[in-house]
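Everything below concerns the one structure shown next.
Read-outs: derived from the displayed coordinates by stated rules, not from any lab. Predicted model, so just to flag it, every value in this text is computed and none were measured. For neighbour counting, all protein chains shown are included, and Cβ atoms are generated from backbone atoms with ideal geometry for every residue, glycine included.
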Amino acid sequence: MSTTILTDEAAQLAATVADVVATWQLPAAGRLVPDAEHFHDQWKVAEELGWTTILDDVDCTSFEGLAQAVELITAAAAVTRALAHAGAALPVRQTLVARALASQPIATGSIVVSAHSFGVWDPIASAFVGADGTTQSRAAQGPVDRDVAARPVHRADHPEDLGDQPDGVLGQFLLVEEIAGAAHGAIEQARAYVSSRVQFGRPLIKLPAVAQELGRLTIAQLQLDEAIAEFARRLHTGSPDRIRFAALAARALACDVASDVAAHTHQLHGALGLTADATLRHHTLLLWADRDEGLHHRSWGVQRLPTCEVDLWSLSQPEPAHPL
Amino acid sequence: MTTREQSLRVAVRELCAEWDYEPRCDAWGGSADPEFSRELGRRGLLALTWPKDLGGAAESNLSRLAVTEELLRAGAPVSYHWAGERQIGPTLIRHGNRELQDEFCSRLARAEISFALGMSEPDAGSDLASVRTTATRTDEGWVIHGRKVWTSGAHFADYLYVLARTSKGEDRHAGLSEFVVDTAAPGVHVQPIIGMDGGHHFNEVVFDEVRVPDRWLIGTEGHGWQQVISQLAFERGGPERFLSMYPLLGAVLDADVLDDTDRAALRVLTAQLTVLRSLSRDIATALDAGHSPVTQAATSKYLGNRLELAMLDFVRPLLSRCDGRVRALFDAAVIASPKSGLRGGAAPVMLSIVTKEMQ
Ligand SMILES: Cc1cc2nc3c(=O)[nH]c(=O)nc-3n(C[C@H](O)[C@H](O)[C@H](O)COP(=O)(O)OP(=O)(O)OC[C@H]3O[C@@H](n4cnc5c(N)ncnc54)[C@H](O)[C@@H]3O)c2cc1C
């Protein structure tokens, strides 16, 4: 099954991220993420290891630019997914996109956002990159709002057609990778719990209903991975309409899968999963937060949907190339 | 898509445009039109993956997928050749000896003959390994005795594929073998089982001491279970597991009756369709590489069942805005809808296969 298409380099990068983050202390329950003791050290590590600058030279103002940069985008996706898989909420994804969009170089070390961050991390960002690529410095903003994942957020209305532009598509790509990574991490945690937790004289996973629920979640994850793989293929060779449709499809499924996985991994994890000590929350809170990111309109994306059968058939036709 | 896939799609569309038929949901499980199947054969659109000397075109499963997808999209009357072309030919090519292949493959490739699948029995449904029909060796070949149920299309099939027990032992999976049986042979009794729509689709097939020549044993005696498992990837992994209701969805889109709220509900549906078409392509690619992607096929079948049910839920509130043709498609689709969670293996069993892999 084609899950995420990874080059060897991207796979190695993902393994490095996993190794590094495994030693990190994640934020305490209820605290704003950037207030955690180790947040700034961790951000520095991410910077030093080059995770936030991967897309600096990518031209994200055109689909041709994205097509030429598929390997770099794959690497950025691998980092984003691996961070979410480990439950780490850092502004890497947002900074990657903003830096790609910037027409002038930006000093490393900054948290940079753009409209594609949908206000998340805005309050502590030191720069904002506009749609035209210009960068404005940012002073720290007033009272800090937070999203479900305790990331700082500045709530504002966003243009509805943001996802139609190439930079918006790039933002969506990394967002669905983040959701897929967090979902995978949550399922693994739930599986570990039901494999070790003994009730009725045997591990819970031996109960058919429990095993099947896990199987169902695994299929949901595979479905999302397949949608993302198709999205990745189209970024390489697809026409703009087909890329936009793949972005919509992947996002729609990611929303579905995020809710499903968050709710049911908690179900399988028992009351223990609801505690501050449990690490499941790092994944599920991120899933809930990402699920709603930027989707403030009921009719989001409908203009990208097919209006007749012939369009449905051609838009749902998979991209044949498996370039990587 | 390759140029070849594209030209195959065009060829199917041309034939469907010329043919006089009413597009249907679940057309591959519906009534047979042998002439349509034969015309497909004449135009080189059947048995694409089979070797040339067995009537095929030595092409890839991706080429075949292009054809099957377009046929299902068009709701074309394909049931006459479906099982034979999908899994009997490939089984004979994979496991049968040359004599058996020569006897059946070219005729199947031209849709001159039709096969039905005799797997399920009164006591062997989801648990297929518990088949009781026996095949006993004699001096001239084999004698088959027993009973099969739910045998789709046995009333028009010329031959049956039969899974039978050839020895009894501790291991239920050992001692099973596969056979070809002539439906006209003495002792074969095909009795209709009328469906809940009043139609004749299913049959019960009784085998009363039916003589079968030795050459009609498929593959190796006692290896039936391993052989049938690889056959299931062909049976379960195809696009018919998620495109049976597609003609209805297509008709509703073309009816131009969707408002913005309806279109929002189309988001996940089209996403699921896209994923399944992509999965289908992966499965075809795996088959081309000589693998037997059993778990992928089970995943696709499970998701396909969910998508088909979701399509009905999507269409239901739009019906009052649609014409009689769409409503008729919908009614037929509703009645056909429980089939997809059962035939080829029940949906929860597909989930079990994936779950087992994961544990
Ligand atoms: C339209 C149609 C066409 C068919 N055509 C053919 C044909 O041509 N040839 C042929 O041989 N057969 C055919 N079948 C039969 C089909 O293969 C069986 O219906 C299927 O294998 C399920 O068996 P069953 O109906 O006996 O259900 P049962 O085995 O009685 O199971 C009933 C239900 O129990 C649940 N269940 C059973 N086992 C498990 C498990 N392990 N885990 C979780 N839940 C479980 C499922 O919900 C299942 O649906 C056809 C069926 C249909 C509906």
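Tabulated values for the structure
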read-out	value
Shielding by other protein chains, A:304-314, mean Cβ within 10 Å	6
Virtual spin-label span in nm between residue A:140 and residue B:182, 7 Å along Cα→Cβ	9.1
Kyte-Doolittle mean at least 0.0, axial Cα span of 30 Å or more - DSSP H helices of chain A	A:166-196, A:208-237, A:240-269
Contact order normalised by residue count of chain B, Cα under 8 Å, 6+ apart, percent	16
Span-like helix ranges in chain B, DSSP H, alpha carbon extent 15 angstrom or more, Kyte mean at least -0.5	B:3-18, B:61-73, B:224-236, B:260-288, B:294-315, B:324-336, B:347-358
Two-site label geometry, residue B:20 and residue B:102: point separation in nm, points 7 Å out along Cα→Cβ	4.2
Cβ-derived FRET efficiency at R0 41 Å, residue B:342 paired with residue B:254, nearest 0.05	0.85
Shielding by partners, peptide B:241-253 (average Cβ within 10 angstrom, other chains)	2
FRET E, pair residue B:291, residue A:207, Förster distance 45 Å, beta-carbon r, rounded to 0.05	0.90
Share antiparallel - DSSP beta bridges, chain A, percent rounded to 5	75
Average partner coverage of B:259-266, which counts Cβ from other chains inside 10 Å	4
Where GluC sites (Glu not before Pro) fall in DSSP loop in region B:151-216, at most 15 other Cβ within 10 Å	B:170
Percent antiparallel among DSSP beta bridges (both partners in the protein assembly as shown, rounded to 5)	80
Computed label-point distance, nm, for sites residue B:58 and residue A:7 using a 7 Å Cα→Cβ extension	3.7
Mean Cβ neighbour count within 10 Å, used as a protection proxy, ranking A:23-34, B:137-148, A:145-156 highest first	A:145-156, B:137-148, A:23-34
Residue of B:11, B:27, B:184 that the Gaussian network model of chain B assigns the largest fluctuation, springs spanning Cα pairs under 10 Å	B:184
Formal net charge of residues neighbouring residue B:113 (Cβ-Cβ distance under 12 Å; K, R +1; D, E -1)	-2
Reachable lysines, given that their alpha-carbon falls under 22 Å from the alpha-carbon of residue A:206 and they are not under 8 places away in the same chain	B:356
Pairwise FRET efficiency - residue B:313 versus residue A:57, Cβ, R0 = 30 Å, nearest 0.05	0.05
Lysines whose Cα lies under 17 Å from that of residue B:339, excluding same-chain neighbours fewer than 8 positions away	B:301
